[in-house]
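The values are calculated or read from the model by the stated rules, or taken from the named source; none is laboratory data. These numbers were taken from a predicted model, which means no experiment stands behind them. Note that we place each Cβ from the backbone using ideal geometry, even for glycine, and neighbour counts take in every protein chain shown.
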Amino acid sequence: MKYAVLNGSKFEYPIGKILCIGRNYVDHIKELGNETPTAPVIFIKPSSSVIEDNQQIVIPGYSDDCHHEVELALLIGRQAKAVSPLEAMDCIAGFGVAIDLTLRDVQSEQKKKGLPWEIAKGFDTACPLSVFVSADRVSNPQNLKIRLMINGTERQNGSTSLMIHSIVEMVSYMSGIFTLEAGDVILTGTPAGVGEIKSGDDLVAEIEQVGRLHVTVA
């Protein structure tokens, strides 16, 4: 079982669902040539895809094009069903740093065939995840600098203020479809600058007030 760690090792939540939103930053939509969605685009990663700080990404042999996507992660702290945006922030126990790994070639091929693309998003090691900081330690999660470095070179640099769907809107929307439970994790989308990672790469993701996540590629 994988655990989400809050405030160091003081509190641990067994990770449940990992709910992810796609196409939540305008510039990222443009760089991939996608259409802007009218409603949040949701997909799910299994908890088995999680790796921790200082662990290794293993790119599956069935892909030749694995991309990085740095994201703000939300840790759900209590059960929530059909909550309003006004209630949504009370459901969040903490914030973390995540990297949503995507097998872009596999995803594109699955899309062309009209097939689901979990095999491009949910493989083992596809969700590097930091420890979480308590929600009350983050002054304004909707205005945080977010960036990712590879081998010392900056690849992504954005702000959570650029989200199309806000944090409270996402939690409210998802809770109307899935009952959210303590230990569920929500990934909130990525800013522009996504690109390929390769064997031997060193990745460092950082989010202001939230933390730092370091992983390497096997």
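A few points about this structure:
- Some residue of segment 169-177 being in contact with a strand residue (DSSP E or B) (Cβ under 7 Å, 6 or more places away or on another chain) and under 22 Å from V58 (Cβ atoms): no
- Count of segment 1-47 residues which are out of contact with any helix residue (DSSP H, G or I) (no Cβ under 6 Å at 6 or more places or on another chain), at pLDDT below 95, more than 27 Å from A192 (Cβ to Cβ) and part of a loop (DSSP other than H, G, I, E, B): 5
- Any hit, segment 140-151, residues being more than 17 Å from the chain's Cα centre (by Cα) and either farther than 22 Å from I59 by Cα or of a type in the set (D, E) (or both): yes
- Residue check for K81: of a type in the set (K, R), over 25 Å from G195 (Cβ atoms), surrounded by fewer than 18 Cβ atoms within 10 Å (Cβ to Cβ) and modelled with pLDDT of 95 or more: yes
- Residue count, segment 187-209 (criterion: under 11 Å from A98 (Cα atoms) and surrounded by fewer than 24 Cβ atoms within 10 Å (Cβ to Cβ)): 2
- Among the residues making up segment 99-141, a single one is assigned to a strand (DSSP E or B) and of a type in the set (F, W, Y): F132.
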